[in-house]
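Novice: Here you go, one structure.
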Amino acid sequence: VVSDSWSLTSIVSPTDRCEPQSNADVTIVLANKSKNSYSAGYVIPTVIYFNSDTIVEHIVLTDSLKADTLVEYTFNSKDDMSNVGTYSLTVDIAPEHDINLDDNSRYKKLNVWGVPRLNIGPDTIFTLEPDTILLDAGTDFITFNWYEKGANDDYDANWVSDAQKLNVTLQGEQYIVNAANEHGCYAPDQQIKYYDPMIYDTVCMAADTVT
């Protein structure tokens, strides 16, 4: 007689994330460490503890499992991580006739960091001296990417800097920045357009005369 030997090796998902998610998959890696093979439909009793919730959902093998092999399994139940904060997840398996119960449980601490906010000023600035303006993405971020689009650049933006602050140049009409914080969470891109007020007024006046 060959004894059963199962091991819950890891919780693959969910993982730490920036954006909240209301229906996160719970996926584990299960190891058959014995010399037995198991047919599709084999059941392993399982309990999932997510924060204060207890969910009983048994693992049901969808395919046959050979000896000394791993299988990744995703439960039907979903975790609600729709709020920024810290979550706790424990998965316990209770295989029948398992010779070792010490490797049948896994715990994982999960974080939802939230999407950071970035503010580099108003969307549009009218100025005769754009080169006197210093844009600052702020100290809440650790990586920065600034892009510049000129008046004739309809689609492409040119990368110009990876610094926190950027001195505006005369040739740029539009500046775009994306930045990430210490958790690797990116803020939505921020854009600022600069206009020479005299040129802008001339364009608007010409447009108003078109019939």
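The values are calculated or read from the model by the stated rules, or taken from the named source; none is laboratory data. Model, not experiment: these values are computed from the prediction. With ideal geometry, Cβ positions are generated from the backbone for all residues, glycine too; neighbour counts draw on all protein chains shown. Heavy atoms of the whole protein, side chains included, go into the accessibility calculation; ligands, DNA and RNA do not. Shrake-Rupley method; radii C 1.70, N 1.55, O 1.52, S 1.80 Å.
Novice: Where does the charge balance sit around I28 when Lys and Arg score +1, Asp and Glu -1, over other residues with C-beta under 9 Å from its C-beta? Could you put the intermediate results ahead of the total?
Specialist: Values: positive: R106; negative: E72.
My count for the surroundings of I28 gives 0.
Novice: Also, I was wondering about something else. Normalised by the residues of segment 40-190, what does the relative contact order come to in percent, with Cα pairs under 8 Å and at least six apart?
Specialist: 18
Novice: Now a separate question. Can you give the convex hull volume of the alpha carbon atoms of segment 44-135 per residue, in Å³?
Specialist: 208
Novice: Give the accessible surface of the chain per residue, rounded to a whole number of Å², with probe radius 1.4 Å and ligands, DNA and RNA excluded.
Specialist: I get 59 Å² per residue for the chain.
Novice: Straight-line reach from K165: which lysines fall under 25 Å, measuring Cα to Cα and dropping same-chain residues less than 8 apart?
Specialist: Within the straight-line cut-off, K165 pairs with K149, K193.
Novice: Using a 1.4 angstrom probe with every protein chain in place, what is the largest-first accessible-area order of Y186, Y147?
Specialist: Y186, Y147
Novice: In degrees from 0 to 90, rounded to the nearest 10, what is the angle of the helix 197-208 Cα long axis to the longest principal axis of the chain?
Specialist: 90
Novice: Here is a further query. Using only protein heavy atoms and a 1.4 Å probe, report how much of K78 is accessible, in Å² to the nearest 10.
Specialist: K78 exposes around 100 Å² with every protein chain in place.
Novice: Students often get this wrong, so try it: which of [x] 111, 23, 22; [y] 71, 27, 20; [z] 90, 40, 29 is Cα extents along the principal axes in Å as calculated from the structure shown?
Specialist: It is the value labelled [z].
Novice: Ignoring ligands, DNA and RNA, please state the percent of accessible area on the chain from carbon and sulfur, probe 1.4 Å.
Specialist: Within the chain, the accessible surface is 49 percent carbon and sulfur.
Novice: For every helix of n ≥ 4 consecutive DSSP H residues, a contribution of -39,500 (n - 2.57) applies; sum these over the chain, divide by its total residues, and give [θ] at 222 nm rounded to the nearest 500 deg cm²/dmol.
Specialist: On the way: 1 runs with 12 residues, N = 211.
It comes out at -2000 deg cm²/dmol, rounded to the nearest 500.
Novice: Which value, in debye to the nearest 20, gives the size of the charge dipole of the chain about its Cα centre, when Lys and Arg are +1 and Asp and Glu are -1 at the Cβ?
Specialist: Taking the Cα centre of the chain as origin, the dipole is about 740 debye.
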